[in-house]
Amino acid sequence: MAKFFIHRPIFAIVIALIIVIVGTLAGFSLPIAQYPQISPPTVSVSASYMGASAAVVNETVAQVIEEQINGTQGMDYMSSTSDDTGRYSLSVTFDVGTDGDMDAVKVQNNAAGANASLPSAVQSAGVTTRKSSGQMAYFVSMYSEDGRYDRAFMKNYATLYFLDAIKRISGVGDVQVFGADYAMRVWLNPDRLAELGLTVADVTAAIKEQNVQAPAGTVGGMPVENGQEKQFTGKVQGRLTTPEEFGNVIIASGKDGSFVRLKDVARIETGQRNNNIVAKFNGYPAVGFGIQLTSDANAMITLAEVRKVLAEAEKTFPPGLKMKSVFDSTDYINASIKEVVHTFVEALLLVVLVIFVFLQSWRATIIPLLAVPVSLIGTFGTFVLLDFSINTLTLFAMVLAIGLVVDDAIVVIENVEHHMESGLSPVDATERAMAEVQGPVVAIAFVLAAVFVPVAFLGGMMGVLYKQFALTIAIAMALSAFVALTLTPALCALMLKPKKESDSEGVLDRFFAWFNRVFDRTRKGYVGIVSRFIRKSRTAVVFLLIVCGLTAIIYRNLPSTFVPDEDQGYLMIAIQLPSGASTNQTQKVVDKIQQAAQKEIKGQDAVMAINGFDILAGGANSNGAVVFVGMKDWSQRPGMGESVAAAVG
């Protein structure tokens, strides 16, 4: 095989170019992520029972729905929350590798079986089922700096102009809104109701009966007499929209023909549907939007579309209304990828430097410099077939593979130069060298494949996480072996020349002479140490056992974690007061923490506080709150005192 390409170097170069082109095109089309897709498919189910307590929601909604969903095919586990605002949320997690779309269909079909047993108010509001990852990938705040807009206005504006557009973006699982909808608030006067002998049920029934959109039929429709020339569709007043219209709702009538209207027994005004959630951005009234992605979403592409929609919407904001991102998970992903790419370039340059210093020939250095990128870039071409992404693990595998794939090229080059020193021509030396090393080159590829490929078959989340890492190295080594048998010998036959003795010594010649002397002394010292250990084998074995024992002790005492803790550009402060604490009491604590975060945390860029949302329990509670602190870009806070770790400490 190698001899064929030695005599046909153009063919070998063309094959290498095809590999590079395919890998380059694939690289630009691959998704970019922080880690491989390891989160299991998750389906969320939500319902609302307005006015009910958490206990009532749990008994009348949660138990009914979960009884139907429990046991869904492929389900791993489920968890739910019921809060005092009447909201119910269920998260159903499925086994890794299942189809998220089919999982959502299964859950929706099973949840439909619970409708008949749910309270009528829940049935009318509906039970929503959608795919979701359960984790916020992006959090943005809408706020009013001058206070001219309240939270109800901001939430209503978002609903009208951009929330639906965000929910339609492919990859968006859910948008969690920390704010309340516009509603017509009816504040009843209990004394006046008692005086008139009316109840809350009477008021509710009257509003439902008179606040309807009823069809009025047609005038002049068939069947009619032959003389009818026109036909009209009747129109009646639809749903009530203003406090004045609601105030004229008739609650009761007297025998004397008098009416009791809603305005006679209540104060009516527009306001928020509920006041349990209070959000502030840097102290200003605000509404927060937490965007969750589906488990199979490409975060980079999806959030880029989200930012595009928000940027377009922000252009039409009324004066005084502003929007700012509190945290964006893709910022950290981009920074991580850039850091790995930077490390990759450094590693490649160091490899080239080492090759040049040891081979001491520009021609010999250029060959691996051309061969190594072919193996690495070509690896991206297989990512498309294997459904891999460009992430920190695959790029780390590339960094590690640099040192492995260059070995194949060096083995070939060094052996060719060895035969050229014996007087053979470059072509003859390459043929003889390849006859000697092509077997070891293939063996190296198989040995490394035997080490890394089994990792791809590990089960569970660890197997999913490290599958791409292991296969990336194995594929790079396979391509490296192919290049070492095709392109490298062809380049050796073309580019390598016998070394000529030179009368004059240049700077590089003097450096190489000095380096060779130092290296020879180092080699002799190493050989001497090894010789002593060989003569004193018992001492060597004892030393080895001591090293192994110390290694085991250190290993057992090292802390372990799934992934290391890193500064991802934001932090969350969970606040939980004793059970029964009021919203006002919690707000006092939240305000103090928000002010302290703005003053004390160095490098902070935005502070978003949400009172009434217990992030630990995952629902609305009067004694819970959360504060999101968005940090400035890492380049703007280089000191350790401005890191997230310093803020937490």
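Computed as a quarter of the hull surface, the mean projected area of the alpha carbon convex hull for region 184-301 stands at 17.5 nm². Taking the Cβ of residue 287 as the center, what net charge do the other residues with Cβ under 9 Å away carry, scoring Lys and Arg +1 and Asp and Glu -1? Within the 9 Å Cβ shell, the charges total +2. Spin-label model, residue 344 to residue 317: label points 7 Å out along the Cα-to-beta-carbon direction sit 3.6 nm apart. Here residue 524 is the anchor, and the lysines within straight C-alpha reach of less than 19 Å, apart from those fewer than 8 places off in the same chain, are 536.
In the chain, a dipole from Cβ-located charges (positive for Lys and Arg, negative for Asp and Glu) runs towards its positive end, and of 68, 58, 398 it is 398 whose Cα lies farthest in that direction. Counting only Cα atoms, region 253-348 measures 97, 33, 25 Å along its principal axes, largest extent leading.
Expressed in units of 2.2 N^0.38 Å, where N is the residue count, the Cα radius of gyration of the chain is 1.39. Here the relative contact order of the chain, from alpha carbon pairs under 8 Å that lie six or more residues apart, stands at 18 percent. For residue 592, the aspartates and glutamates whose Cα falls under 12 Å of its own Cα, not counting residues fewer than eight places away in the same chain, are 600. The Cα-based radius of gyration and maximum Cα-Cα distance (Dmax) for region 40-132 are 12.6, 40 Å. Between residue 183 and residue 59, the contour length at 0.36 nm per residue exceeds the Cα-Cα span by 41.9 nm. Is the shape of region 1-59 best called rounded, prolate or oblate, per the rule: a/c under 1.5 gives rounded, else a/b larger than b/c gives prolate, else oblate, with a ≥ b ≥ c the square roots of the Cα gyration tensor eigenvalues? Since a/c reaches 1.5 and a/b is larger than b/c, the shape of region 1-59 is classed as prolate. A simple count of charges around residue 267, restricted to other residues whose Cβ falls under 12 Å of its Cβ and scoring Lys, Arg +1 and Asp, Glu -1, yields +1. Residue 620 sits among other residues whose Cβ lies under 9 Å from its own Cβ, and their net charge, with Lys and Arg +1 and Asp and Glu -1, is -2. Between residue 518 and residue 201, what is 0.36 nm times their sequence separation minus the Cα-Cα distance? Round to one decimal in nm. Gain on extension, residue 518 to residue 201, equals 104.4 nm.
Treating r as the C-beta distance of residue 617 and residue 24 and R0 as 41 Å, the FRET efficiency rounds to 0.25.
Computing FRET efficiency as 1/(1 + (r/R0)^6) for residue 418 and residue 305, where r is the C-beta to C-beta distance and R0 is 45 Å, gives about 0.20.
Bridging of residue 599 to lysines at a Cα separation below 20 Å is possible for 280, 324, 588, 632, once same-chain residues fewer than 8 apart are set aside.
Rounded to the nearest 0.05, what FRET efficiency is calculated for residue 536 and residue 634 with R0 set to 45 Å and r the Cβ-Cβ distance?
0.30
Taking region 388-492, which GluC sites (Glu not before Pro) meet the DSSP loop condition and have no more than 11 other C-beta atoms within 10 Å? Mind showing how you got there, number by number?
Numbers: sites: 414, 417, 421, 431, 436; in loops: 421.
Hits after loop and neighbour filter: 421.
Coordinate-derived values only; no laboratory data. Computed from a predicted structure; not experimentally measured. Backbone-built Cβ (ideal geometry, glycine too); neighbour counts: all protein chains shown.
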